[in-house]
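Report on the following structure.
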Amino acid sequence: SSLLTLPDKELKRISQNLRHVIIGGERCEINAAEVFYNKTGIVQMTGFGASEVNTTFSITHPNCNKVGTAGIPLPFNNVKIVDEDFKDLTYNVPGRLFITGPCLMNGYYHRDDLTKKAIYVDEKGVSWYNTGDYAVMDTDGCLTVLDRYVPPVTLKTGEKVNTLDMVEVVKKNRKIKNCKITYHDGLFVLHLSIDDSAEVFKKDAIDSILNTIQTGLPENQWPDFILLYDELPRTAVGKVDYKKLQAV
């Protein structure tokens with residue numbers, strides 16, 4: 001973010017000396033990644049992993065060097081993306097992310113209770129780790145981890161809606177820096193920060209975002225409230241603090 005606010009002359013000078021930019025931790029928001037690529041010409045290298053699979057599971061590769069993805073799973077690692085009923089989903093359809101591979105842990109030490117929650121054994125006897133994430137894999141085999149998984153909410157009409165899918169629609173507006181949607185007491189709340197590199201007036205950005213919502217989402221999924229932040233609240237390790245958002 002601070003790099004992108006440099007004068008164009010300085011940004012060009014620094015960019016000419018950059019070969020690789022590596023991202024770790026929480027997913028880099030697609031809008032920020034695209035702005036960075038457009039201004040520097042560099043696709044950020046990133047990956048995905050967890051301690052339960054010996055840290056690294058997938059990483060960007062020349063055959064999967066797309067803005068925003070977590071790359072291709074390392075050799076012998078496999079992905080299972082499933083719906084609420086644990087049915088396998090096809091390419092380009094987001095769902096719950098389970099992973100397996102030769103480095104998958106046997107379990108948590110002396111915590112069989114936690115192991116049973118984290119490890120799923122399928123009908124073939126293969127153990128899969130429940131990452132707790134929501135992800136999608138495209139037809140090139142590139143994995144994109146979208147967010148931490150949250151169960152669908154049930155509207156007053158009985159319809160089930162996934163707020164994470166709603167967020168991906170809203171994020172198509174490139175004036176957004178980051179956003180999350182919470183649902184409680186029958187109301188949708190959009191928590192939103194605007195991209196300070198978009199170089200537009202805040203009102204114009206909001207008008208544009210409202211248009212994205214109204215054209216991209218059915219009316220029963222339009223946010224009842226929009227809360228603006230300079231920066232969404234973060235945990236001590238820098239990830240979005242969902243507990244604080246839910247408490248608003």
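The values are calculated or read from the model by the stated rules, or taken from the named source; none is laboratory data. Nothing here was measured: the structure is a model prediction, and the numbers come from that model. A quick note on method: Cβ atoms are made from the backbone with ideal geometry, for glycine too, and the neighbour counts reach across all protein chains shown. Protein only, heavy atoms only, side chains kept; ligands, DNA and RNA dropped before computing areas. Shrake-Rupley method; radii C 1.70, N 1.55, O 1.52, S 1.80 Å.
Pull out a ≥ b ≥ c, the square roots of the eigenvalues of the alpha-carbon gyration tensor of segment 94-248, then state rounded if a/c is under 1.5, prolate if not and a/b is larger than b/c, and oblate in the remaining case.
Numbers: a/c = 1.99, a/b = 1.88, b/c = 1.06.
It is prolate, given that a/c is not under 1.5 and a/b is the larger ratio.
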Projected onto the charge dipole of the chain (unit charges on the beta-carbon of Lys, Arg, Asp and Glu, signs +1, +1, -1, -1), the Cα from H20, Q44, V145 with the largest positive-side position is that of H20
Please work out how much accessible surface F225 shows to a 1.4 Å probe, ignoring ligands, DNA and RNA, in Å² rounded to 10.
-> 110 Å²
Top mean-square fluctuation among D195, D85, D165, Gaussian network model of the chain, C-alpha springs under 10 Å?
-> D85
Using the Cα gyration tensor of segment 134-174, with a ≥ b ≥ c the square roots of its eigenvalues, what is the shape: rounded (a/c below 1.5), prolate (a/b larger than b/c) or oblate (neither)?
-> prolate
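Quick check for you: with a 1.4 Å probe and neighbouring chains kept, what is the accessible area per residue of segment 87-133, in Å²? Mind showing how you got there, number by number?
Details: 3150 Å² over 47 residues.
Ligands and nucleic acids excluded, the figure is 67 Å² per residue.
Within the chain, what whole-number % of the accessible surface is contributed by carbon and sulfur, with the 1.4 Å probe and all protein chains included in the calculation? Don't skip to the end; give the middle numbers.
Numbers: 7590 of 14460 Å².
That fraction is 52 percent.
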With all protein chains present and a 1.4 Å probe, the order of V150, V237 from largest accessible area down is V237, V150
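Please arrange I42, I23 by accessible surface area, largest first, computed with a 1.4 Å probe and ligands excluded.
Details: I42 15, I23 50 Å².
Largest to smallest exposure gives the sequence I23, I42.
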Order by accessible surface, 1.4 Å probe, largest leading, for residues R111, R96, R19 comes to R19, R111, R96
